Amino acid sequence: MDKKKIFLVSLGHLSCDVNGGALPALLPFLIAAYHFDYQAAAGFMFAYSCLSSIIQPAFGYLSDKISKPWFIPAGVLLAGGGLACIGFLSGYWAIFAAIAVSGVGAALFHPEGARYANKVSGASKGTGISLFSMGGNGGFVLGPILAVAAVSHFGMPGTLVFGLLSTVMAAVLLRQISHMDSPHAAARGASPSPEAAQGGNDWKEFSKLTFAIMTRSILFVGLNTFIPLYWIHTFGQSKTAGALALTCFCTFGVMSNFVGGLMADRFGYLRIIRFSYLLLIPSIFAFALIPGPEASPLSLFLPFLTPQPAPADIAAAAAPAVTSIHLALALLLPLGFSLYAPFSSMVVLGQKYLAKNIGFASGVTLGLATSMGGIVAPLLGWVADHHGLPAAMFCMGGVALLGTFFAFRLVPSEKTQGARRRSV
């Protein structure tokens, strides 16, 4: 594994995804400055999400056909430059277009960035892709902090900081990785994998993997949404406590991403995916069964049939026993591990299944499939509104069961390659 190149592309991933993390934090400032309504603000998120996620497979396919290392710095530059412009614009459609450019940059970066990380990871692809993923996770964590600090001190023109960051990072990336395809770089990197040498695609297994990733995306968005709400409305804690609980969950999850990559290189990608789903199922159901204030035994086992108190009534109720909060905190550890640890394994396995189209595989696993969480989130919110947060968690437990089904239906990439060789 070329550690220098993995480190650089991970920094590039951070510089790209810091813009996606910053955009939600910038929306209140845009609303206050230009008097946009909530629908208009949601339109900004729609523009970024669609262009950064849904069109990634198209850029991945392009990357497979005309792979160019400069796609990586170009994506970083567009992602940061587009976001930087919104601080100097006032018209809705002008800001919308700038955010769309930022989304296009993110879509351009990820497939080629994942291909690059795969190539320079050598035999340690799980570790390499996990480091690449950690860069993106770090960007989403840093984005809101940087956005609030910059705009609070300099006003809306403070978004220029994202343009400066992306310009510097793009220049470094262009200088350092532009010779990736040279003989010297190829010698330092990995030799072609058996899957790439065979040059086959297994669309059936890749489709099953995509469904598994979709279930993970639904669970990821759902838990990020409901964990702080659980702390506030079920456990009667403050908003700060809810935010801290989410921070603990995400922090442990990012660490688990790296650990999962190391474990995958040693024990196998599919084993990590299956183990994570098996751990996820009892963790989600156990979390849903943690009693809050005035919880009855019936509400624990039949959340859909038990009338749920209004959030205001729950907040006014007495705080739950300390043991409930401690148990919930303890369950954040297996929840974080089981969601984050298999991610790099899923990306690498997708690249192995589509050995001839690694860029397209990366675009699906990093973009299109992960957008499913945002699509299903309103449905989970409806369940929580009408039947309570525990009911929404039980639904997510059902999603985890579905993901486990797909995980155990997957065939190791080595077996699929062997089957193709025998059929030739």
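Please work out how much length the chain gains when fully extended from Lys68 to Val168, using 0.36 nm per residue of separation minus the C-alpha to C-alpha distance, in nm with one decimal.
34.0 nm
Rounded, prolate or oblate: pick one for the range 364-408, where a ≥ b ≥ c are the square roots of the eigenvalues of its C-alpha gyration tensor, a/c under 1.5 means rounded, and failing that, prolate if a/b is larger than b/c, else oblate.
oblate
Net charge near Gly260, counting Lys/Arg +1 and Asp/Glu -1 over other residues with Cβ under 14 Å of its Cβ?
Neighbourhood net charge equals +4.
Kindly write out, for the range 72-85 in residue order, the coupling ³J(HN,Hα) from the Karplus curve 6.51 cos²θ - 1.76 cosθ + 1.60 (θ = phi - 60°), rounded to whole Hz, with x marking Gly and Pro.
Whole-Hz 3J(HN,Hα) from phi for the range 72-85: 5, x, 5, x, 4, 5, 5, 4, x, x, x, 5, 4, 5.
Order of Arg216, Arg271, Arg266 from fewest to most other C-beta atoms within 10 Å?
Arg266, Arg271, Arg216
How big is the gap, in Å, between the Cα center of the range 42-100 and the Cα center of the range 208-234?
The range 42-100 and the range 208-234 have Cα centres spaced 25 Å from each other.
Bear in mind that the values in this text are calculations on the coordinates, not laboratory data. Here the structure is a predicted model, which means the values were calculated and not measured. Every residue, glycine among them, receives a Cβ derived from its backbone with ideal geometry; neighbour counts consider all protein chains shown.
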